[in-house]
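Notes to accompany the following structure.
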Amino acid sequence: MFPIFFSSATDPTKGARPPLNLYNTLTRATERFTPLRTDYVRMYNCGPTVYDFAHVGNLRSYVFADILRRTLLLNRYKVLQVVNITDVGHLTSDGDDGDDKMTLALKREGKPLTLEAMHEISTKYTEAFVADLEQLHIRLPSVMPRASEHIDADIALIQTLMQKEYAYRTSDGVYFDTMRFTGYGKLGGIDLTTLKEGARVEVHHEKRSPHDFALWKRDESLGWESPWGTGFPGWHIECSAMAMEYLGKEIDIHTGGIDHIGTHHNNEIAQSEAATGRPFARVWMHHAHIMIEGTKFSKSLKNTITLRQLVEHGYPALAYRYWLLMGHYRTPMNFSFTALDAAQTALKRLHRLFVEELGMVKTGKKDPTYAQTFLLRINNDLDTPQALALLWEVAKNQSLPKGVKRATLLYFDKVLGIGLTELANSREERQSLSIVSIDSDTVPDAVQQLVSEREQARSAKDWPRADALRAEIRNKGFLVEDSSQGPQVVSV
Ligand code: AMP
Ligand code: ZN
């Protein structure tokens, strides 16, 4: 028995729009989503700081935003999506201390401290970021504005805040006066008394309140001209300015990682709402973090992993997407190679099933009951683990006509984006799966020996050696695939 809001018995996506429930950090409740305009959603996802390759933890942000966008599309909304590129102004802390991350990148890569060199570096990492998105089947946003190309908009917004007396000058720039903004810290219910300056950031004697934050930072050596001297916009003002430029003064959804709630997003709210006098974003959504072997990703611990590293080690990027979808976006997840192996095996099994059982089948009509259930699950605050469970139920259902099964799985893939659509549309994709697992008895001893040496190298995280051994195995006509049951050898 399904709820009556589905007006059509055969297609749940026709007729009245089903409820889409999303958790809103602002109200701390799961709410029925309704956009400001009937069928059109304006969404801003805080984007990457392009001073280095994104690590796989960062990429959760964009897989989450992609699932959200695809879910909105499945619910027949049009979506205008902005993901900014921070190529200037993000300090190494969320407060106003530390170095600018882009300046650090210039020093790290031995480049001169010039805006041209900064542009060159940020272009390199923006391209790498876009390549990551593509590999993860993340649809490219409608707009990806670069902060460095919106300095004028930042300056105009700061001027408005100055005129309205929400901002004041100091010897090192311009600051936002948080005491003037009623309700500062409302997102996430931040207790302002616990944010004591001095514990976390250096005391700044010209600031009126410890929570005040920089809108413009003077820097005579590098930066842009402004009425307050050469320098940089603050990281927070960039997001407000770009969001409002492309999406308007009031937007529907704003997202980011949970680390953004306390400072970055509260500051975005304060600046934007002080300037316009209107609520900035109606729904604020935040994903939990990815940990690695139980600890935080951290450059100093040398435990960051990039998508390209996973691919170099033989994992398809989609296995990482699949692994992410196994967890709900608000649940912290612990990355490990064992977990990724299991995701890779499951995804491969799904792809093989799709190609072998359904590859030659003509697509029929999707099963309406399964389609409704899928929509209910994904509309329940993007419950991807439950959506995947349903996908497997369908995949294993032997009584479903094959054409219907194929159509139903392809319908799910519109949101999940785990490669079934590509398998259906591309013969090359299908052929890439036509490798045959072989019995371990028929694998020559020499190859078996290489496989066990590679396992030892993998256990010791000696990736160069593991990769070299994989190449040697390949030269002998075999492929080694990693699964939760250990390595499997297949002929090529
Ligand atoms: P950044 O490039 O540092 O501005 O971060 C890009 C995105 O990655 C932000 O939305 C962060 O909240 C998010 N992020 C940073 N670390 C992690 C992590 N370990 N797991 C998940 N998301 C993260
Ligand atoms: Zn932002």
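The values are calculated or read from the model by the stated rules, or taken from the named source; none is laboratory data. All values reported here derive from a predicted model rather than from experimental measurement. As a convention, Cβ positions derive from the backbone with ideal geometry for all residues, glycine included, and neighbour counts pool all protein chains shown. When the accessible area is computed, the model is the full protein with side chains, heavy atoms only, and any ligands, DNA or RNA have been set aside. Shrake-Rupley method; radii C 1.70, N 1.55, O 1.52, S 1.80 Å.
Give the residue, chosen from Arg330, Arg352, Arg377, that is among the basic types (Lys, Arg) and within 19 Å of the chain's Cα centre (by Cα). Quick ask: steps written out before the conclusion?
Working: Arg352 fails: within 19 Å of the chain's Cα centre (by Cα); Arg377 fails: within 19 Å of the chain's Cα centre (by Cα).
Result of the check over Arg330, Arg352, Arg377: Arg330.
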Confirm whether Leu106 is of a type in the set (A, V, I, L, M), in the same structural domain as Ser221 (by TED's automatic domain parsing) and away from ligand 2 (no atom under 16 Å from the Cβ). yes
Identity of the residue in segment 260-271, out of contact with any Asp or Glu (no Cβ under 9 Å at 6 or more places or on another chain) and open to solvent by less than 10 Å² (accessible area, probe 1.4 Å), that ends up farthest from ligand 2 (Cβ to nearest atom): Ala270
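Could you list, in sequence order, all residues of segment 250-259 that are near ligand 1 (Cβ under 10 Å from one of its atoms) and surrounded by fewer than 24 Cβ atoms within 10 Å (Cβ to Cβ)?
Gly256, Gly257, Ile258, Asp259
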Open to solvent by less than 10 Å² (accessible area, probe 1.4 Å), under 20 Å from Glu109 (Cα atoms) and out of contact with any Pro (no Cβ under 8 Å at 6 or more places or on another chain), is that true of Asp87? yes
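Anything in segment 177-209 that is open to solvent by less than 90 Å² (accessible area, probe 1.4 Å), under 30 Å from Lys107 (Cα atoms) and at pLDDT 80 or above? List them, or say none. Walk me through how you get there before you give the answer.
First, the residues of segment 177-209 that are open to solvent by less than 90 Å² (accessible area, probe 1.4 Å): 177-178, 181, 183-192, 195, 197-198, 201, 203-204, 206-207, 209.
Those still in the list that are under 30 Å from Lys107 (Cα atoms) too: 197-198, 201, 203-204, 206-207.
Correct list: Glu206, Lys207.
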In the list Leu133, Leu140, which residue meets the criterion of being within 30 Å of Tyr322 (Cβ to Cβ) and open to solvent by less than 20 Å² (accessible area, probe 1.4 Å)? Leu133
Enumeration of residues in segment 65-80 that are touching a Ser or Thr at 6+ places or on another chain (Cβ under 8 Å) and open to solvent by less than 10 Å² (accessible area, probe 1.4 Å): Ala65, Ile67, Leu68, Asn75
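Inside segment 272-285, can you point out the residues that are within 20 Å of Phe33 (Cβ to Cβ) and open to solvent by 10 Å² or more (accessible area, probe 1.4 Å)?
Pass one, segment 272-285, residues within 20 Å of Phe33 (Cβ to Cβ): 278-285.
Listed by number, the residues that qualify are Arg278, Pro279, Arg282, Val283.
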Need a quick list: strands (runs of 3 or more DSSP E) entirely within segment 200-259 having at least 3 residues that are more than 16 Å from ligand 2 (Cβ to nearest atom). 213-218
Scanning for something more than 16 Å from ligand 2 (Cβ to nearest atom), part of a loop (DSSP other than H, G, I, E, B) and under 30 Å from Glu245 (Cα atoms), does segment 288-303 turn up at least one residue? yes
Assess whether Leu416 counts as being crowded, with 19+ Cβ neighbours inside 10 Å, of a type in the set (A, V, I, L, M, F, W, C) and farther than 30 Å from Asn24 by Cβ. no
Filtered residue count, segment 48-67, keeping only those that are in contact with a Lys or Arg (Cβ under 8 Å, 6 or more places away or on another chain) and farther than 16 Å from Lys124 by Cβ: 2
Residue pairs within 7 Å by beta carbon, gap of at least six or interchain, first lying in segment 315-341 and without any contact (Cβ under 8 Å) to a residue 40 or more places away in the chain, second surrounded by fewer than 18 Cβ atoms within 10 Å (Cβ to Cβ) and in a helix (DSSP H, G or I), listed first then second, are Trp323/Ala339
